[in-house]
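**Student:** So that we are looking at the same thing, I have put the structure below in structure tokens.
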Amino acid sequence: MTSSFLPARLVDFHQAYPGVALVVSVGNSTEVVKAVIRGDIELGFVEGPEEEFQDPRLAIELIAWDDLAMVASADHPWATRDKLTADDLTAGKWVLREEGSGTRAAFVKALDALGVPYANLNIAIELPSNSGVLAAVLAGAGATILSTLVCDDAMKAGTLKRLPVSIAPRAFYAAQHGDHYRSRAVSALLEILRAHPAL
């Protein structure tokens, strides 16, 4: 999600503060939290649920909401269905992000809310990026749950279908170390993000 949500905000920051260089690295939510706690990075961005980030050393701030969709390729057997049951979802093949990613945590929480235990899932492939998950789903490997920021273009093109399952949105958080110095640059970036709270 961060690769879809952040770039436009980073451009806004650069235009407002052209003399400040930004260095961005990518990791899953667990890796980002660890880097913040160690002090390797001043500011990180993680995807909810919030209970995943209960370390008392963290200062977590809700930045935006992320619309999630259950999707499959246009030629998947579910693509023309008007309804999917818990039994359907248990029997189907799935493509997931790796352990530790916010997308995977949201996926597990969403299916659990639908009465589909993670332990019962038929996982075909695990991949380390949302773009990889999307590519595998488009190739017919199975269904998944992704941010609409990641898959909206494919849905508009008709190659990917949003399935008839309601998925609650997830939260997108900024994470800082609660006891560390906060630079003016980070404060300015957070102000830009706060000015665009909706996705």
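**Student:** What is the magnitude of the charge dipole of the chain about its Cα centre, with +1 placed on the Cβ of each Lys and Arg, -1 on the Cβ of each Asp and Glu, and no other charges, expressed in debye to the nearest 20? Let's see the in-between values first.
**Tutor:** Working: 17 positive and 24 negative charges, 55 e Å.
My answer is approximately 260 debye.
**Student:** Taking every alpha carbon pair in region 68-162, what does the distance histogram look like in 5 angstrom bins from 0, in percent?
**Tutor:** 3, 15, 27, 28, 19, 7, 1
**Student:** Helix 29-38 versus the longest principal axis of the chain: what is the Cα-based angle in degrees, 0 to 90, to the nearest 10?
**Tutor:** 20 degrees
**Student:** Turning to a different aspect of this structure: Per residue Cα convex hull volume for the chain, in cubic angstrom? The partial results should precede the final answer.
**Tutor:** On the way: hull volume 23.2 nm³, N = 199.
Each residue corresponds to 117 Å³ of Cα convex hull volume.
**Student:** Identify which of ASP112, ASP66, ASP40 has the largest mean-square fluctuation in a Gaussian network model of the chain, with springs joining Cα atoms closer than 10 Å.
**Tutor:** Among ASP112, ASP66, ASP40, the largest GNM mean-square fluctuation belongs to ASP40.
**Student:** Oh, and also: Which value in Å is the Kirkwood Rh of region 108-154 over different Cα pairs?
**Tutor:** For region 108-154, the Kirkwood estimate is 11.7 Å.
**Student:** Let me know the shape class of region 141-199, please: from the alpha-carbon gyration tensor, a ≥ b ≥ c as square roots of the eigenvalues, rounded when a/c is under 1.5, otherwise prolate if a/b is greater than b/c, or oblate. Spell out each step's value before the answer.
**Tutor:** Working: a/c = 3.33, a/b = 2.55, b/c = 1.30.
Prolate is the answer for region 141-199, as a/c is 1.5 or above and a/b outweighs b/c.
Laboratory data are not the source of any read-out in this text; all were calculated from the coordinates shown. Predicted model, so just to flag it, every value in this text is computed and none were measured. For neighbour counting, all protein chains shown are included, and Cβ atoms are generated from backbone atoms with ideal geometry for every residue, glycine included.
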